[in-house]
Amino acid sequence: VPALPPEPPEAGLDQAAGFAAAWLRANCPCRRCRDPHSGQRLVSLTDLPARVRVTAGPESGGDLPVTFWPDGHQAVFSRSWLTQQSGPPADDRTEAAKRLWTRADFPAGPPAWPWPEYLARAAVREQGLTALLEEGLMLLRGVPAEPGAVLTVAASLGFVRETNYGRLFDVRVTTTPSNLAFTGLPIAPHTDNPYRDPVPTVQLLHCLEGAAAGGDSGLVDGFAAAGLLRQENPAAFGVLAGTPVTFAYADATAELRATRPLIGLDPAGRIREVRFNNRSMQPWRPGGPAGAAAGDRDPVAAAAAFYAAARAFAEILARPALMLTFRLEPGDCVAFDNTRVLHARTGFAATGTRHLQGCYADLDGVSSAVGVLRRRTHDA
Ligand SMILES: [Zn+2]
């Protein structure tokens, strides 16, 4: 590598006001670098000098003027904007941004709002959607018990994610079910559609008719459960976080598969996603990174470790103290974070009339809706 020429004495410094020269240049707010209307950047990183230094002028009125070397580019940074840029990135999807819960946190059932008020008042929508983001669940009562109403609820919080099941799907007893959801059998806590990548991140279930007996719904905070696993059995937590597993689904018109760990972490090691569905999980296979991390143990030992870890997680998920159980009445619509909250159902009589309609949506739409709602002055 040829040595770069020495910098002249007037080049400036590696940093100003505690910000690296390269950081300041990459985020230059001037009109040539950033479109004043959209706020989008007009220059790419490769347009900038590879080596940059900065000279700061005296700060006045909250403004910090700077000159960059080597091209003499000038800009003015606002001190208040610079102050806002410190601190960790605002990823609202990890456990750090959530309020984790167990059954005891909701003695009166899921946080619920009346649908007419939710529609009429921005403050109520903000509360409900904030619960969906932070607790991972929101119950709306009094949604008209009419077919298709679940799509109206989805439109209120983002955009419907259409899948091979359609824009919406019906959950009721059928005589030749392609999916155990369409029987009267009890269903253990699971996340939906783990065989997709990206997975649908919000699920909605709207009750049109309740079952005569049974058919209660259960929700489990998967982040809380994964946190317990990390505390009680760190080795098992590490195995699940480091082992990609394939989930698959096939029927006459679809062939879906995705390979991801049961517990997904962000680069800082925080829980960011849970995928858990025993119905569609495929056989563990050797050769993943976890096999290598485990010191190239033989595949038999690695497989045994994986199933022991998965079982330990399933046992935590099955603890009654974790599961919030409630009964969906006609007109109730529950929405939950499908990357975090697992749902379950007790068995019910196959001759009953239980009929739910569900659909999928996504958390980015929910975050966006909350962000827009928070812009208003608090008079609504
Ligand atoms: Zn600039």
Members of region 125-160 that are closer than 15 Å to His206 by Cα and without any contact (Cβ under 8 Å) to a residue 24 or more places away in the chain: Thr152, Ala155
Residues located in region 248-258, provided they are in contact (Cβ under 8 Å) with a residue 60 or more places away in the chain and touching a Ser or Thr at 6+ places or on another chain (Cβ under 8 Å): Asp251, Arg257, Ala258
What residue, among those in region 27-65 that are of a type in the set (A, V, I, L, M, F, W, C), more than 10 Å from the ligand (Cβ to nearest atom) and closer than 20 Å to Ala17 by Cα, is surrounded by the fewest Cβ atoms within 10 Å (Cβ to Cβ)? Ala56
Condition check for Gln15: touching a residue at least 12 places away in the same chain (Cβ under 8 Å), in contact with a strand residue (DSSP E or B) (Cβ under 8 Å, 6 or more places away or on another chain) and polar (S, T, N, Q): yes
Being small (Gly, Ala, Ser), at pLDDT below 95 and buried (at least 18 other Cβ atoms within 10 Å of the Cβ) is the filter here, so list the residues in region 347-361 that pass it. none
Determine, yes or no, whether Ala310 is within 22 Å of the chain's Cα centre (by Cα), modelled with pLDDT of 95 or more and closer than 23 Å to Arg257 by Cβ. yes
Taking region 301-330 and keeping only residues that are surrounded by 18 or more Cβ atoms within 10 Å (Cβ to Cβ) and assigned to a loop (DSSP other than H, G, I, E, B), one is left with Leu322, Leu328
Restrict the check to region 279-288 and report whether at least one residue is closer than 25 Å to Ala188 by Cα, modelled with pLDDT of 95 or more and either assigned to a strand (DSSP E or B) or under 16 Å from the mean Cα position of the chain (by Cα) (or both). yes
Could you please find all residues in region 200-253 being in a helix (DSSP H, G or I), aliphatic (A, V, I, L, M) and surrounded by 15 or more Cβ atoms within 10 Å (Cβ to Cβ)? Ala224, Ala225, Ala226, Leu228, Leu229, Ala236, Val239, Leu240, Ala241
So, of the residues in region 95-111 that are among the hydrophobic types (A, V, I, L, M, F, W, C) and in contact (Cβ under 8 Å) with a residue 60 or more places away in the chain, which turns out to be nearest to Ile271 (Cα to Cα)? Ala96
Condition (residue is part of a strand (DSSP E or B) and over 16 Å from the mean Cα position of the chain (by Cα)) applied to region 259-269: is it met by at least one residue? yes
Exactly one of Pro177, Pro234 is at pLDDT 75 or above and of a type outside the set (A, V, I, L, M, F, W, C), and that one is Pro234
In this structure, does Leu256 turn out to be in a strand (DSSP E or B), crowded, with 20+ Cβ neighbours inside 10 Å and at pLDDT 95 or above? no
Any idea which of Ala104, Ala112 is surrounded by fewer than 16 Cβ atoms within 10 Å (Cβ to Cβ) and more than 15 Å from the ligand (Cβ to nearest atom)? Ala104
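The values are calculated or read from the model by the stated rules, or taken from the named source; none is laboratory data. Worth saying up front: this structure is predicted, and the values here are computed from it rather than measured. Note: ideal-geometry Cβ built from the backbone for every residue, glycine included; neighbour counts use all protein chains shown.
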